[in-house]
Amino acid sequence: MATVATDDFLRAEQAAQFILEHTSLRPRIGLVLGSGLGAVAAGLSDAVRIPYEDIPYFPRSTAEGHAGMLVLGTLDNIPLAVMKGRAHLYEGYSPSQIVLPVRALGRMGVRALVLTNAAGGINAEYSRGALVILRDHINLQGQNPLLGANDERLGLRHPDMTDAYNAEFRQFVREESERLGGGIFEGVYAAVTGPNFETPAEIRFLRTIGADLVGMSTVAEVIAARHMGMEVLAVSCVSNMAAGMTGEKITEEEVLETGERLASKLLALLRAVLPRIDGYLQSRATAFD
Ligand code: HPA
């Protein structure tokens with residue numbers, strides 16, 4: 001098949017080069033911090049901070065609780081590229097704009113992507129403040145970052161999604177969470193565009209089709225990361241139970257407040273899990289890495 005050169009590849013490459021010029025760190029792990037979870041980045045040492053608006057083609061994050069800052073630093077000696085905040089479809093960005101940062105991290109040499117988000121809990125076993133490891137997803141955004149010409153320097157035309165969420169990484173999280181004495185769930189995340197929260201009828205529909213959580217992010221990033229062959233871990237913070245489940249209305253304040261309350265718990269969990277992901281990557285490093 002003829003090689004197609006796309007703007008997506010060139011833009012990601014340019015953003016990656018810009019970032020690499022600003023740090024001597026060469027992170028193998030990328031971390032995306034969702035709504036209200038930015039405080040996790042405060043634990044990094046020797047950090048270089050680059051506002052998204054300074055990085056070529058990075059979308060600015062206009063959402064509340066999303067700082068829009070790339071932080072390159074080390075957490076317990078592990079170099080990390082941490083995105084404080086992300087862009088969403090509901091802000092008016094296209095799927096390829098949303099995943100540009102993920103592709104830039106991939107071009108920088110990031111091999112494992114850890115995504116966090118705030119989500120509505122659909123599974124009745126969950127409660128506000130629960131942490132849920134994503135086992136799988138359902139893309140209901142009616143959009144896909146891989147639509148259009150495929151650049152094989154990014155990945156295959158039809159990437160497999162059977163193991164989108166690395167099973168060993170999920171096991172690391174379950175084990176470390178148990179060691180830390182916190183409960184954790186595993187579930188299926190349904191991605192919608194928002195920006196409105198769902199109706200109770202939509203939540204009943206999502207439950208029927210097998211969703212445990214609902215949110216407005218993450219899935220496009222997972223698709224782009226898997227397209228490039230990155231390993232993925234994603235953890236949702238249940239910021240609220242989904243529409244119609246409690247009789248309460250859902251507010252943005254509730255979502256952000258739960259995220260902020262969970263940030264230290266999530267940081268402790270990540271501190272335990274990241275060395276294991278790092279070990280996984282090292283054990284699979286090839287001469288070409
Ligand atoms: N629905 C969709 N996205 C969300 C929710 C929700 O209830 N909570 C946090 N993000």
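Nothing in this text is a laboratory measurement; each read-out follows from the coordinates by a stated rule. Computed from a prediction, not measured in an experiment: that's the story for all the values here. All Cβ positions, even for glycine, are placed from backbone atoms using ideal geometry, and neighbour counts span all protein chains on display.
As a test of understanding, state the convex hull volume per residue of the chain from its alpha carbons, in Å³.
It comes to 123 Å³ per residue, whole-number rounded.
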Separation between the E248 and E53 pseudo-spin-labels, each 7 Å from Cα along Cα→Cβ, expressed in nm?
3.5
Largest to smallest principal axis extent of the C-alpha atoms in the stretch 108-260, angstrom
49, 38, 27
Distance from the stretch 15-81 to the stretch 154-228 (C-alpha centre basis), Å:
22
Distance in nm between pseudo-label sites at T162 and R135 (7 Å out along the Cβ direction from Cα)
1.8
The stretch 4-288 - percent relative contact order, Cα under 8 Å, separation 6 or more:
25
Calculated FRET value between A149 and T199, using beta carbons and R₀ = 30 Å, to 0.05
0.25
Packing-ranked peptide list from 94-103, 170-179, 17-26, highest mean Cβ count within 10 angstrom first, is 94-103, 170-179, 17-26
Expected sort for 274-283, 72-81 on mean C-beta neighbours within 10 Å, highest first, is 72-81, 274-283
